[in-house]
1. Order these peptides, 64-73, 91-100, 125-134, 251-260, by their mean beta-carbon neighbour count within 10 angstrom, highest first.
2. Please give the net charge around ALA81, taking every other residue with its beta carbon less than 15 angstrom from that of ALA81, where Lys and Arg add +1 and Asp and Glu add -1.
3. Per residue, how much accessible area does segment 187-277 have with a 1.4 Å probe, in Å²?
4. For the chain, build the charge dipole from Cβ charges (+1 Lys, Arg; -1 Asp, Glu) around the Cα centre, then report which of VAL280, LEU192, ALA89 sits farthest towards its positive end.
5. Taking 0.36 nm per residue of sequence separation and subtracting the Cα-Cα distance, how much length would be gained by fully extending the chain between ARG178 and SER282, in nm to one decimal?
6. Cα centroid distance between segment 16-90 and segment 192-225, in Å?
7. Add +1 for every Lys or Arg and -1 for every Asp or Glu among the other residues with Cβ under 14 Å from the Cβ of GLN196, and state the total.
8. Amide H to amide H under 5 Å from GLY32: which residues, 5+ apart in sequence or cross-chain, H placed 1.01 Å off N in plane?
Amino acid sequence: MPEVHATIDSFRAALDRERTAGWRIGFVPTMGYLHEGHGSLLRAAAGDCDVAAASIFVNPLQFAASEDLSDYPRDLDRDLALADDCGAAHVLVPSVEEMYPTPMLTTVTVADITARYEGASRPTHFAGVATVVAKLFSIVGPCAAYFGEKDYQQLAVVRRMAADLSMPVDVVGCPIVREADGLAMSSRNVYLTEAQRSAAPILHRSLRAAAAAAAAGERSVAAVEAVVADAIAAEPEADLDYAALVDAATLEPATAVGGGQRFLVAARFGATRLLDNIAVGS
Ligand code: AMP
């Protein structure tokens, strides 16, 4: 089983010892309720680096008052068993009081790339993410940090923050892990009713159809975006939030269908918001 650390000091000291012994740290921040998506990040960290470390912390800063903070699913015993299976050596499981003993007067905001998509729907979300990730990077120290492409805009925000602030962290993006029917794995999938769960693979199916249209020569951004928007509009369980073709690096809206793009989608299934994305013209 991994060594479980309840305090920042204990986790930091353990990782300092590992680095002093010459080991490279691979770090995976999570909010727990781990699934194979998280597992793939931990395995990548354990495979690429000498020591894999994770954090499990449901970060209040990244939830708006109306969101699911108090209902967010938790199962620490199962998480630790999965972390163990994936080769994690150290796991930080701090309380909210440990992470935020006093109200945070210091926050990290990343401009521009947070303005659209998730940032437009959840205006305080990325400041909460950037702040907790900056804090975790400061606790962990020099490392490679593994993030899923499932949260594609989050990955771009973290990359940019680490570069802008010269953090001693290599940010590594990892592919989306999916259920057999194509639904991207997410801790929030447990909220779905049976009908919503059956409808949810429309996200991946419509993204694949959009990528196929682009590959077949469709050059109109509106036409490619309509492939996803129309498919989701036709699904009674789903309510589209955004469907956008963007530059894969800058996340600027695409002006023409071309290479190096990403299609981002978010939709509500009842009260549950699900995200997905796909490479277009990679
Ligand atoms: P979370 O616990 O939801 O905050 O996610 C922690 C990390 O796991 C983030 O970097 C996510 O992008 C990543 N992740 C979540 N779901 C998946 C998935 N299905 N495939 C790959 N990575 C994922």
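The values are calculated or read from the model by the stated rules, or taken from the named source; none is laboratory data. If you're wondering where the values come from, they're calculated on a predicted model, not measured in any experiment. Every residue, glycine among them, receives a Cβ derived from its backbone with ideal geometry; neighbour counts consider all protein chains shown. These accessible areas exclude ligands, DNA and RNA; they are computed on the full protein's heavy atoms, side chains included. Shrake-Rupley method; radii C 1.70, N 1.55, O 1.52, S 1.80 Å.
1. 125-134, 91-100, 251-260, 64-73
2. Values: positive: ARG43, ARG74, ARG78; negative: GLU3, GLU36, ASP75, ASP77, ASP79, ASP84, ASP85.
For residues surrounding ALA81, the net value is -4.
3. Heavy-atom SASA per residue in segment 187-277 reads 43 Å².
4. Farthest along the dipole direction, towards plus: VAL280.
5. 35.5 nm
6. Centre-to-centre distance over Cα atoms comes out at 30 Å.
7. Values: positive: ARG188, ARG197, ARG268, ARG273; negative: GLU179, ASP181, GLU194, GLU235, GLU237, ASP239.
In short, -2.
8. PHE57
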